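Participant: Have a look at this one.
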Amino acid sequence: MLSLKDIWAHYGSVAAVKGVSVEVGEAEIVTLIGANGAGKTTTMRTICGLHKPTSGEVVFEGQRIDELDPERINALGIAMVPEGRRVFPQLTVMENLEMGAYLRKDHAQLKADLEEIFEHFPILKERRKQLAGTMSGGQQQMLAMGRALMSGPKVLLLDEPSLGLSPLMTQQIAKIVKQLNAMGRTIVLVEQNARLAFLLAKHAYVMEIGRISMSGLAEDLKDDPKVRETYLGV
C-alpha cells in the first residue's frame, strides 16, 4: 500500500535519512523505533510531504507521491499526527476537528466520521466547545488523532503518540490504535516506547543514525538480543 524506496533526506548538507526502504501493507500497523536523532520523524515528514527527499521514491497505492505538496498527499489519504500534538490552542475542540476536514467535500460521510471519532474519544464530544490549549496532554493527543481522522485517511502516521503521557493514558491511546487498525486503518507508528510499539505492530523497522539496521516481524524482533538490550532494557 505504501512504499519508501531508498529514501535519502537532508537538512542542508547533513543527511538525516540514508537510503531507507520501508514497506507498509494494507490494514497493517508498521512501527519505526530508534533513539532520538535516528531519523524517524524525518522519515514520517517525508511520507506526508513536509520534507522533500533528496533522492528515492515514496509510492502510495501505485502512485509516486514524494514530489506532491502536503495537501495533495493528504487528499490522497495520508494524515499525520505530529510529535507534540500541535493542536491549535486558541481554537475550540470542534474547530480543531473541523480544520482536519478542510479538504473534504463529502459532507454526509463527514458527519458519520465525526460521530465515529466521538465514539473513539468521548471526551472530545463532551468538551467540543473548550479551547484546545486548556486541555491536558492526553486529551490534546486524542484531539490531534481526531483531527487527523477527520481528513478520512487510509493511512494514519502517528509520531510518538505516547510521548509525555501517563501510563494510564498511554494504555488508552494504545487501545484506540488497536481499534482503528481492527476497523481496517493502516497505521505507521513512530514510538520510543519500544515495548508499546512491539505490542501494537505487525512489522517493525529499527532505525540507527538515519539507516534501517534491522527489520522483520515485530514478534521476532522483540526477542532479538540486541533489541532486548538496547530498546527493551533486558
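Every number in this text was worked out from the coordinates using simple rules, so none of it is lab data. From a predicted model like this one, the values you see are computed outputs, not experimental measurements. Note: ideal-geometry Cβ built from the backbone for every residue, glycine included; neighbour counts use all protein chains shown.
Participant: Please list log₁₀ I(q)/I(0) at q = 0.16, 0.20, 0.26, 0.28 Å⁻¹ for the stretch 175-232, using the Debye equation with identical point scatterers on the alpha-carbon positions.
Facilitator: One equal scatterer on each Cα of the stretch 175-232 leads to -0.50, -0.75, -1.13, -1.25.
Participant: Turning to a different aspect of this structure: Just how large is the dipole of the chain about the Cα centre, in debye to the nearest 20, putting +1 at every Lys and Arg Cβ and -1 at every Asp and Glu Cβ?
Facilitator: Working: 27 positive and 28 negative charges, 98 e Å.
The calculation lands at about 460 debye.
Participant: By Kyte-Doolittle mean hydropathy of at least 0.0 and Cα axial length of at least 15 Å, which whole DSSP H helices of the chain are selected?
Facilitator: Numbers: long enough: 107-120 (20 Å, -0.66); 137-149 (18 Å, -0.09); 167-182 (22 Å, 0.14).
Sorted by number, the helices that extend far enough and score high enough are 167-182.
Participant: Of the cross-linked pairs K52/K202; K52/K175; K129/K154; K18/K175; K18/K52, which ones have a Cα-Cα span greater than 24 Å in the structure shown? Don't jump to the answer; show the numbers that get you there.
Facilitator: On the way: K52/K202 28 Å; K52/K175 33 Å; K129/K154 28 Å; K18/K175 33 Å; K18/K52 13 Å.
K52/K202; K52/K175; K129/K154; K18/K175, as the Cα separations exceed 24 Å there.
Participant: Once you have the Cα-Cα distance between L163 and E23, take 0.36 nm times their residue separation minus that, and quote the gain in nm to one decimal.
Facilitator: Going from the current span to full extension adds 47.9 nm.
Participant: If the cut-off is 19 Å between C-alpha atoms, which aspartates and glutamates fall inside it for K226, apart from same-chain ones fewer than 8 positions away?
Facilitator: E191, E208
Participant: A further question follows. Sort 79-88, 128-137 for me by packing, meaning the mean count of neighbouring Cβ atoms within 10 Å per residue, highest on top. Provide the component values of the computation, followed by the final result.
Facilitator: Numbers: 79-88: 19.5, 128-137: 15.1.
Ranking, from highest mean packing down: 79-88, 128-137.
Participant: Can you give the calculated 222 nm mean residue ellipticity of the chain, where each DSSP H run of n ≥ 4 adds -39,500 (n - 2.57) and the sum is split over every residue, rounded to the nearest 500 deg cm²/dmol?
Facilitator: Details: 10 runs with 88 residues, N = 234.
Here the helix-only value at 222 nm equals -10500 deg cm²/dmol.
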